[in-house]
Structure formats: structure tokens, C-alpha cells
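A.B. asks: Structure incoming, see below.
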Amino acid sequence: MTKNLKNKPLVEALFVLKWDLKKVDEGSKEGYAYDPYYKLFIGCFWEKIKEKFPHFEELDTSEMPEDFGAYVPQFRFSKTADNYPFVLLGPGVISVHESEDYLWDNFEDNIFLIIDSFYKSYPKADDTAIVDVYLRYTDAISFDYQKENILNFLKDQMKINISVSESVFKNTSVKSIPLSIDLRFSFVTDSPISATHLRFYRGGEHGELLMWETIVQAHEMIPQTEGEIKTWTIKSHDLADKVFFNIIEGKLEERFS
């Protein structure tokens with residue numbers, strides 16, 4: 001069962017679903033992909049979700065020409081303007097976004113709503129290939145990169161043991177404490193069949209944050225039906241949840257509780 005942290009470090013929870021697009025002049029350099037049902041789908045999709053997401057907003061990207069718009073969100077749906085949760089829609093892509101008010105049960109409901117709405121309103125949805133689906137959690141905490149060694153912090157409090165040998169910078173004036181980091185790892189995962197990605201990096205408007213991402217992404221066997229996508233989503237959340245709490249177990253979990 002998911003633990004609810006009083007002071008959770010969550011920046012954003014994100015679910016993304018992408019489907020195959022029609023290729024135009026596939027053999028030429030000028031070829032591009034587009035969604036032949038997109039314009040019809042926009043209104044039908046909103047009709048299915050507007051009771052929960054009544055606010056409709058066109059993004060600047062909605063002005064993009066068709067040959068540049070593949071998998072780029074163009075419309076945003078929300079309960080109220082500029083407030084989470086959001087649903088974004090573009091040619092070949094739907095995403096669900098949640099932030100500080102995140103609870104898994106609510107997030108899961110919103111994910112299932114957009115999956116249901118896709119299959120009920122997208123023409124020939126059952127014959128449309130799903131090409132990508134992933135769940136991503138972005139978290140952040142304050143960190144002073146001038147005063148503390150980020151590599152020591154990752155090792156001591158987040159169980160990420162990365163080091164740079166002193167010999168790398170011998171006979172130079174390079175200081176041993178990293179000014180910034182951007183570490184990425186990807187791991188094959190058996191259940192659900194996926195890839196699990198971890199990223200740790202310096203972020204924030206003034207570089208004052210340590211940010212990290214936990215991503216579970218369908219890999220090799222991408223779920224292709226409504227039921228398969230829902231089952232994959234539940235298992236992916238369980239996996240991401242376990243990885244997150246394994247990383248913060250100890251002082252950080254006490255800090256967030």
C-alpha cells in the first residue's frame with residue numbers, strides 16, 4: 001500500500017500514452033507523421049472528460065503546422081485554469097499531470113478516465129497500435145552545491161554510489177566537489193515488462209535543487225488493449241513506489257514524513 005508523506009518532495013506525477021500515426025511519403029526526406037482522426041477526436045474526447053475537466057485551453061503549439069505537430073501536446077484540460085491536475089492532448093499523445101495534491105487513488109482514476117475516453121472516442125481505437133506508455137515521478141529537495149558534496153549526499157542518503165577517482169584531476173586545479181550533476185540509469189524490468197529509468201540532476205530556477213526522476217516505461221512488449229494498459233499502469237505504479245521508498249529509506253523518509 002502506498003505511504004502518504006506529509007511533506008512529500010513531489011514536483012509532478014505524469015502518465016503518458018502515445019499511439020501510432022499515419023506516415024506520409026514515408027520513403028522521402030519530406031515525409032512526416034500525422035493523426036488522420038485528430039480534429040474529430042478533440043471534441044469527442046473532451047465530451048467524455050469535461051465533467052471532471054471542464055476548463056479547455058489551446059496551447060501555443062496548437063498553431064504548429066501538421067507536419068511538425070506529431071506527439072506535441074496542443075490542448076490542455078483542467079478543473080480550473082492553471083491548476084493541477086491537467087490533461088494534455090496532441091496528435092498521437094495524451095498525458096495526465098498531477099502535483100502537490102497527488103494521491104495515487106485520484107491519479108489512477110484520472111489515468112483510467114483518459115484511457116476509457118480514448119477507447120470510446122478515438123475512431124478505430126481497437127485497431128490503433130500503442131507505441132509508448134510510461135509513468136514518471138519527478139521529485140526535488142533543496143541542496144547547497146557550494147557547501148555540500150552531492151556525491152556524498154547521494155551515497156549516504158539515497159543509496160546511489162558514484163565516485164570520480166582523484167587521479168582523474170591530478171596535477172590540475174579542478175576541485176573535487178561537483179558543481180552540478182546529471183546522472184541517468186536504465187534497467188531492464190521483468191514485472192511489468194518495461195525499462196526503469198532513474199535520473200538525478202541539479203535543477204530549480206537558480207540551481208538550488210537536487211531533482212530526481214523515477215520512470216517506468218513499457219519496453220519490448222507494449223500493452224495494446226484498454227485492459228492491458230490499465231494493468232500495466234497499476235503494476236508500474238507499484239514498482240515506482242517501491243523504488244522511491246527504497247531510495248529515501250532512512251533520514252530522507254523521516255524528513256518527508
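Every residue, every condition in (1) out of contact with any helix residue (DSSP H, G or I) (no Cβ under 8 Å at 6 or more places or on another chain); (2) in contact (Cβ under 8 Å) with a residue 40 or more places away in the chain, yes or no:
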position: S167; (1), (2): yes, no
position: D182; (1), (2): yes, no
position: T196; (1), (2): no, yes
position: V216; (1), (2): no, yes
position: I222; (1), (2): yes, yes
position: T233; (1), (2): no, yes
position: F256; (1), (2): no, yes
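A.B. asks: For D82, indicate whether it is farther than 22 Å from K251 by Cα, modelled with pLDDT under 95 and not assigned by TED's automatic domain parsing to the domain that holds I248.
C.D. replies: Judged against the criteria, D82 is a match.
A.B. asks: Only one of A13, A33 is touching a Phe, Trp or Tyr at 6+ places or on another chain (Cβ under 8 Å), touching a residue at least 24 places away in the same chain (Cβ under 8 Å), under 25 Å from I229 (Cα atoms) and not in a helix (DSSP H, G or I). Can you tell me which?
C.D. replies: A13
A.B. asks: Does Y71 qualify as being part of a loop (DSSP other than H, G, I, E, B), aromatic (F, W, Y) and within 23 Å of P223 (Cβ to Cβ)?
C.D. replies: yes
A.B. asks: Here are some residues: H237, H197. Which one is within 15 Å of the chain's Cα centre (by Cα) and assigned to a strand (DSSP E or B)?
C.D. replies: The unique qualifying residue is H197.
A.B. asks: Then there's this: Can you find, within segment 125-174, the residue that is nearest to D241 (Cα to Cα) among those that are aromatic (F, W, Y) and assigned to a strand (DSSP E or B)?
C.D. replies: Across segment 125-174, the extreme among qualifying residues is Y137.
A.B. asks: Identify, please: which residue in segment 124-147 is among the basic types (K, R) and over 22 Å from C44 (Cα atoms) and is, among those, modelled with the highest pLDDT?
C.D. replies: Step by step, filter segment 124-147, then rank; the result is R136.
A.B. asks: Right, here's the next one. Step by step: first the residues of segment 34-49, then only those that are surrounded by fewer than 13 Cβ atoms within 10 Å (Cβ to Cβ) and of a type in the set (D, E, K, R), then the one that is farthest from W19 (Cα to Cα). Which residue is that?
C.D. replies: Going through the qualifying residues, I end up with E47.
A.B. asks: State yes or no: is F107 crowded, with 18+ Cβ neighbours inside 10 Å and either out of contact with any helix residue (DSSP H, G or I) (no Cβ under 7 Å at 6 or more places or on another chain) or not aliphatic (A, V, I, L, M) (or both)?
C.D. replies: yes
A.B. asks: Does at least one position in segment 148-160 carry a residue that is at pLDDT 95 or above, loosely packed, with under 11 Cβ neighbours inside 10 Å and not acidic (D, E)?
C.D. replies: No, segment 148-160 has no match at all.
A.B. asks: With the requirement that a residue be under 13 Å from W19 (Cβ atoms) and among the acidic types (D, E), what does segment 105-163 give you?
C.D. replies: Once the filter is applied, which keeps residues that are under 13 Å from W19 (Cβ atoms) and among the acidic types (D, E), segment 105-163 yields D126, D127, D132.
A.B. asks: Still on this structure, please answer the following. What's the total number of residues in segment 137-181 that are among the small types (G, A, S), over 30 Å from S95 (Cβ atoms) and under 30 Å from the mean Cα position of the chain (by Cα)?
C.D. replies: Total meeting the criteria: 1.
A.B. asks: Answer yes or no: is there a residue in segment 99-114 that is in a strand (DSSP E or B), of a type in the set (D, E) and closer than 27 Å to T189 by Cβ.
C.D. replies: No, segment 99-114 contains no residue that is in a strand (DSSP E or B), of a type in the set (D, E) and closer than 27 Å to T189 by Cβ.
A.B. asks: Continuing with the same structure: Pick out the one residue from I162, I150, I141, I130 that is without any contact (Cβ under 8 Å) to a residue 40 or more places away in the chain and either touching a Lys or Arg at 6+ places or on another chain (Cβ under 7 Å) or aliphatic (A, V, I, L, M) (or both).
C.D. replies: So the residue among I162, I150, I141, I130 that is without any contact (Cβ under 8 Å) to a residue 40 or more places away in the chain and either touching a Lys or Arg at 6+ places or on another chain (Cβ under 7 Å) or aliphatic (A, V, I, L, M) (or both) is I162.
A.B. asks: E220: modelled with pLDDT under 95 and either of a type outside the set (D, E, K, R) or under 30 Å from D132 (Cα atoms) (or both), yes or no?
C.D. replies: yes
A.B. asks: Something else now. Could you identify the single residue in S176, S165, S121, S117 that is at pLDDT below 95 and farther than 26 Å from G204 by Cβ?
C.D. replies: One residue alone meets the criteria, S165.
A.B. asks: Looking only at segment 63-77, count how many residues are surrounded by 15 or more Cβ atoms within 10 Å (Cβ to Cβ) and over 21 Å from the mean Cα position of the chain (by Cα).
C.D. replies: 1
The values are calculated or read from the model by the stated rules, or taken from the named source; none is laboratory data. It should be emphasised that the depicted structure is a prediction, and the values quoted were computed from it without experimental measurement. Please note: Cβ atoms are built from the backbone with ideal geometry, for glycine as well, and neighbour counts cover all protein chains shown.
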